[in-house]
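Q: Got a structure for you, questions after.
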Amino acid sequence: MSTVNKQATTCSFLTRHARVLLAIVRDPTLRIRDIAWACHITERTAQKIIADLEEAGYLSRRRTGRRVHYTPHLDGAFRHPAEVGLPIRALLDLLTPREAAKDAAPAQLRAALLTVALRWCASSPKRCAGELGRRQAGRIKP
């Protein structure tokens with residue numbers, strides 16, 4: 001197994017909740033089975049995560065016959081103290097190829113993500129010292 005494949009199975013940038021929300025944003029008519037398959041989780045886990053997201057106000061669901069249609073509520077903000085106040089839409093627009101993402105102001109999205117990165121680095125300076133130093137020196141573009 002290559003190093004990249006090992007890393008892909010041991011660590012993840014996005015949480016399972018973020019992956020499920022992202023799958024729903026990409027296609028609000030997906031079945032739970034399809035969401036679970038796309039996110040590499042079990043159907044029961046997908047059901048639990050959808051219930052969590054609905055309870056937290058990130059989405060709502062409406063039954064149409066035998067199908068369920070999900071409506072994501074993207075105007076909310078992250079709840080974690082490190083990202084409090086940052087819009088959920090900013091992250092999802094970066095990760096979803098949609099017309100809305102093309103219309104969004106890229107500078108504002110970069111600024112929001114840079115703010116998250118700086119807060120993350122403030123919580124663990126050793127981990128980010130090299131990255132921030134390279135960014136400030138102009139070798140990495142924000």
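Q: Could you sort TYR70, TYR58 by their accessible area in this structure, using a 1.4 Å probe and putting the largest first?
A: Result of the area sort, largest leading: TYR58, TYR70.
Q: For VAL20, VAL68, VAL84, give the ranking by accessible area with the largest first, probe 1.4 Å.
A: Ranking VAL20, VAL68, VAL84 by accessible area, largest first, yields VAL84, VAL68, VAL20.
Q: Answer rounded, prolate or oblate for region 22-81, using the Cα gyration tensor with square roots of eigenvalues a ≥ b ≥ c: rounded when a/c is under 1.5, else prolate when a/b is larger than b/c, else oblate.
A: oblate
Q: Add +1 for every Lys or Arg and -1 for every Asp or Glu among the other residues with Cβ under 10 Å from the Cβ of ALA77, and state the total.
A: So the surrounding residues net to 0.
Q: Okay, next question. Taking θ = phi - 60°, what integer Hz values does the Karplus form 6.51 cos²θ - 1.76 cosθ + 1.60 yield along region 53-63, in sequence order, with x for Gly and Pro?
A: With the stated coefficients, region 53-63 comes to 5, 5, 4, 7, x, 7, 7, 10, 10, 9, 7 Hz.
Q: HIS17 accessible area, nearest 10 Å², 1.4 Å probe?
A: Approximately 70 Å² for this residue.
The values are calculated or read from the model by the stated rules, or taken from the named source; none is laboratory data. Model, not experiment: these values are computed from the prediction. Note that each Cβ is placed from the backbone with ideal geometry, even for glycine, and that neighbours are counted across all protein chains shown. For the accessible areas, the whole protein counts, side chains as well, though only heavy atoms, and no ligand, DNA or RNA atoms are used. Shrake-Rupley method; radii C 1.70, N 1.55, O 1.52, S 1.80 Å.
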